[in-house]
Amino acid sequence: MYTRVKTQSEQQAMRDSGRMLADTLNLLKRELEPGMTTKQLADMAAKELKALGAEAPFLGYGNPGFPDVICISVNEQVVHGVPGARVIESGDIVSLDFGVRYKGMTTDSALSVIAGGKPKQQRHAELVEFTEKAMLAGVAVLQEGVRTGDIGAAVQIVLDRKRYGIVRDLVGHGVGHHLHEDPNIPNYGRPGSGPELHAGMTIAIEPMATLGGEAVYVGDDDWTILTRDGSWAAHFEHTVLITEDGAEILTDRG
Ligand code: MG
Ligand code: MG
């Protein structure tokens, strides 16, 4: 399904969904500490979602169905990490990718954080910082008539400048009635190319960057995406509503 211009009531449901998502990610970010397992964090997210009266679009998604409400990916795991017994260590890059469905509308957002706040290497902190900057650069070009290539080019400029690997096998996407709607929103591209987007459409912009190459593979659990070269990765994502002259970040954590 191609992402549709959302009605006012659909936009409001996504605003509510996005607020719940942002609050939950903020909670997890606060509670995350070295020594916890990724499953402990996931259980916290599930409990919070239940308390909010919202649903988990990730649970059972795809084939095989994703087994949890949140993806938690550590270090060389880029995205789609399955929560489990892995113990988070001080200095790990932990990426939390979460979705919320409320009144039939879905939002999708992710962040990366250095566990314990102290990076093992300064370049890990920089990777986190600049991957978020790349996402925001993509948001900054949004307006009526923007093309997917405009977004991709804006994201790419930030990541290329740092010589990061840009994961190309996975991309941003339309979102709202479904977790994944067309069109794809790649994290690279040429300005003026690709499908045109309009005010009232909702999309997820989500750069995935590595300190090495762009190649990735799927792990033994059939879900986790890892860097081929073992380099560490970061991931940021916001669901945004395109407006006439800009955008509204529906999953804003501020
Ligand atoms: Mg996501
Ligand atoms: Mg997404």
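The values are calculated or read from the model by the stated rules, or taken from the named source; none is laboratory data. Bear in mind that the values here come from a model prediction, so they are computed numbers and not experimental data. No Cβ is skipped: glycine too gets one built from the backbone with ideal geometry, and neighbour counts run over all protein chains shown. Accessible surface areas use protein heavy atoms only, side chains included; no ligands, DNA or RNA. Shrake-Rupley method; radii C 1.70, N 1.55, O 1.52, S 1.80 Å.
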In range of the label at Ser90: residues from the range 23-58 whose backbone nitrogen is under 17 Å from the point 7 Å along Cα→Cβ:
32-37
Label the range 8-249 by shape, choosing from rounded, prolate and oblate, from the square roots a ≥ b ≥ c of the eigenvalues of the Cα gyration tensor; if a/c is under 1.5 it is rounded, and otherwise prolate applies when a/b is larger than b/c, oblate when it is not.
oblate
Rounded, prolate or oblate: pick one for the range 40-104, where a ≥ b ≥ c are the square roots of the eigenvalues of its C-alpha gyration tensor, a/c under 1.5 means rounded, and failing that, prolate if a/b is larger than b/c, else oblate.
prolate
Given Cα pairs under 8 Å that are at least 6 residues apart, what percent is the relative contact order of the chain?
24
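Order of 85-96, 10-21, 204-215, 44-55 by packing, highest average Cβ count within 10 Å first?
Numbers: 85-96: 19.2, 10-21: 21.5, 204-215: 24.1, 44-55: 16.6.
Per-residue Cβ counts within 10 Å, averaged per peptide and sorted highest first, yield 204-215, 10-21, 85-96, 44-55.
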Gain in length, Arg168 to Leu27, computed as 0.36 nm per residue apart minus the alpha-carbon separation, to one decimal in nm?
47.7 nm
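So what is the accessible area of the chain per residue, in Å², with the probe set to 1.4 Å?
Heavy-atom accessible area per residue stands at 41 Å².
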Over the chain, what percent of the accessible surface lies on carbon and sulfur atoms, probe 1.4 Å?
48
Place a point 7 Å from Cα of Asp221 in the direction of its Cβ. Which residues in the range 75-111 have their backbone N less than 16 Å from it?
75-89, 93-99
Give me the distance in nm between label points sitting 7 Å out from Cα along the Cα-to-Cβ direction at Arg123 and Lys39, one decimal.
3.4
Taking the simple approach of a point 7 Å from Cα along Cα-to-Cβ for both Ile157 and Lys50, what is their distance in nm?
4.7
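Membrane-span-like helices in the chain: DSSP H runs reaching 15 Å or more (Cα, own axis), mean Kyte hydropathy at least 0.5?
Working: long enough: 8-31 (34 Å, -1.06); 38-52 (21 Å, -0.16); 122-140 (27 Å, 0.06); 148-161 (20 Å, 0.59).
Result, helices passing both filters: 148-161.
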How far apart, in nanometres, would the label points at Thr7 and Arg228 be if each is projected 7 angstrom from Cα along the Cα-to-Cβ direction?
4.7
For the range 97-147 and the range 1-63, distance of Cα centres in Å:
14
Counting Lys and Arg as +1 and Asp and Glu as -1, each charge on the Cβ, what is the dipole of the range 8-249 about the Cα centre in debye, to the nearest 20?
500
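Remind me, relative contact order of the range 33-184 in percent, using alpha carbon pairs under 8 angstrom and six or more residues apart?
Working: 242 pairs, mean separation 27.1, N = 152.
Relative contact order of the range 33-184: 18 percent.
Given the DSSP H assignment, sum -39500 (n - 2.57) over each helix run of at least 4 residues in the chain and divide by its residue total; what's the result at 222 nm in deg cm²/dmol, nearest 500?
Numbers: 4 runs with 72 residues, N = 254.
That comes out to -9500 deg cm²/dmol.
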